[in-house]
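See below for the structure under consideration.
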């Protein structure tokens with residue numbers, strides 16, 4: 001069963017755009033569960049990842065040489 005957890009080591013900052021309906025739903029969940037909006041989002045993402053077969057992604061290099069150029 002899906003549970004919202006508190007995450008203490010969320011230290012990577014990102015910016016995402018959400019559809020308004022999803023944003024509203026996540027904020028309602030955060031308020032009802034007395035949790036931060038961030039914890040709700042991280043819990044949702046973790047739950048989705050837990051449901052996926054991630055084996056096909058294990059050899060993907062996320063730090064390609066082109067991406068390191070600033």
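Throughout, read-outs are computed from the coordinates displayed, never taken from laboratory work. Since we're looking at a predicted model, the values are computed, not measured. Reconstructed Cβ throughout: ideal geometry from the backbone, glycine too, with neighbour counts over all protein chains shown.
Assorted remarks:
- Residue selected from the stretch 1-26 under the condition within 14 Å of residue 43 (Cβ to Cβ) and touching a helix residue (DSSP H, G or I) at 6+ places or on another chain (Cβ under 8 Å), by the criterion surrounded by the fewest Cβ atoms within 10 Å (Cβ to Cβ): 3
- For the stretch 37-44, the criterion of being free of Cβ contacts under 8 Å to residues at least 24 places away in the same chain and either in contact with a strand residue (DSSP E or B) (Cβ under 7 Å, 6 or more places away or on another chain) or surrounded by fewer than 13 Cβ atoms within 10 Å (Cβ to Cβ) (or both) is met by none of the residues.
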